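Inspection log for the structure reproduced underneath, given as structure tokens.
We did not get these values from a lab; they are worked out from the coordinates using the rules stated. Predicted, not measured: the structure shown is a model, and the values here were computed from it. Backbone-built Cβ (ideal geometry, glycine too); neighbour counts: all protein chains shown.
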Amino acid sequence: MDKRFWDDKRYHSLDYELKKTFGKKLYKLSLNGGMSCPNRDGTIDTSGCIFCSQGGSGDFSADSKLSITEQIIEAKKLIENKLKRNTDSAYIAYFQAFTNTHAPVPYLKRIFSEAINNPDIALLSIATRPDCLGDDVLSLLENLNTKKPVWIELGLQTIHEDTANFIRRGYKLSVFEEAASRLHDAGITVIVHTILGLPKETKNDMLSTMRYIGALSDEGLVQGIKLQLLHILEGTDLGRLYLSQHNNDLSIDILSMEDYIDLVIACLEHLPEELVIHRLTGDGPKSILLAPNWSSNKKLVLNTLHHAMKEADSWQGKRYS
């Protein structure tokens with residue numbers, strides 16, 4: 001096979017794709033639309049997913065009390081050191097916390113338009129759930145996508161219904177499939193969020209999820225993926241289960257860095273080359289991180305991964321068919 005690597009990496013990184021598309025590096029600004037989640041506000045449940053913190057996966061996002069323009073200014077200040085090395089800067093407006101289409105459409109139109117009309121913003125990225133994409137929301141997204149690119153990040157986590165029930169995801173796999181299809185019809189880029197290391201899932205279970213997403217990529221329904229290490233955070237139901245697991249029958253295995261890197265390499269090898277890799281690990285807030293502690297050194301994890309892929313002569317798509 002002709003091994004086509006992506007600059008200095010052996011996987012199709014987001015950085016590579018952005019430079020190819022926009023001709024320069026883009027920096028992500030985490031914004032907060034002040035929304036909740038149907039898994040928290042009683043629409044589906046009030047407990048949330050078992051791994052989700054009080055920040056709703058947006059612990060690094062800006063203050064929702066600020067306007068979107070003010071949040072963009074504040075978020076840019078947080079990455080000033082990076083910008084000093086790159087004066088030709090553009091940004092991704094990333095609505096990350098909770099479910100960012102779970103609000104009345106007039107409100108969504110106001111905040112998304114404020115972001116997308118900012119001259120420094122090159123594209124709009126919105127994290128949401130597949131069960132929060134009604135016709136009116138899709139119409140808004142389709143319209144925004146004519147102005148600047150719009151990405152939708154769907155929280156799938158896993159294809160396995162037993163695991164989905166355990167983590168209280170709150171929707172069936174068919175709901176995800178329908179949302180991906182409708183977003184495709186609207187011409188909107190879809191990024192799938194997955195979690196590696198969920199309780200009771202084996203390596204084969206996780207690779208089945210990768211193969212499923214690879215098939216959707218081949219059909220043009222998915223353009224990107226995030227591989228997120230499971231973080232066990234203080235104050236979450238998963239955190240409470242982890243701290244009390246000696247009192248119940250549940251065993252929550254914590255992956256070592258070596259095991260996680262082996263798992264990520266296997267996942268990448270089972271994904272098609274065209275699929276853009278948006279994330280390979282994660283760095284949960286250190287103040288509430290219970291495990292795994294090694295994950296807080298993101299740079300070390302990525303450097304070790306790059307070295308391991310080179311040593312194993314591995315690359316994205318190596319085992320994909």
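Out of every Cα-Cα pair that the chain contains, those further apart than 35 angstrom amount to 17 percent.
Once you divide the Cα radius of gyration of the range 146-197 by 2.2 N^0.38 Å, the number left is 1.27. Only helices enter this figure: runs of n ≥ 4 DSSP H residues, each worth -39500 (n - 2.57), summed and divided by the residues of the chain, yield -10500 deg cm²/dmol at 222 nm to the nearest 500.
Could you give the distance between the Cα centres of the range 208-272 and the range 31-54, to the whole Å? Going from one Cα centre to the other spans 20 Å. Seen from residue 48, the other residues with C-beta closer than 10 Å to its C-beta sum to a net charge of -1, counting Lys and Arg as +1 and Asp and Glu as -1. Between 54, 157, 71, the Gaussian network model of the chain with springs among Cα atoms under 10 angstrom shows the greatest mean-square fluctuation at 54. Could you work out the relative contact order of the chain? I mean the mean sequence separation of Cα pairs under 8 Å and 6+ apart, divided by the number of residues, in percent. Reported relative contact order: 18 percent.
Packing order of peptides 14-23, 118-127, highest average first: 118-127, 14-23 (average count of other Cβ atoms within 10 Å over each peptide's residues).
The residues neighbouring residue 200, those whose beta-carbon lies less than 11 Å from its own, together hold a net charge of -4 under the Lys/Arg +1, Asp/Glu -1 convention. The peptide list 178-186, 33-41, 295-303, put in order of mean Cβ contacts within 10 Å with the highest first, becomes 33-41, 178-186, 295-303.
With the gyration tensor restricted to C-alpha atoms of the range 197-286, the semi-axes of the equivalent ellipsoid amount to 28, 14, 12 Å, longest first. Only lysines eight or more places from residue 147 in sequence, or on another chain, were considered; those with a Cα closer than 28 Å are 19, 20, 24, 25, 28, 65, 76, 77, 82, 109, 226.
Considering only 11, 107, 94, the mean-square fluctuation computed in a Gaussian network model of the chain, springs between alpha carbons under 10 angstrom, is largest for 107.
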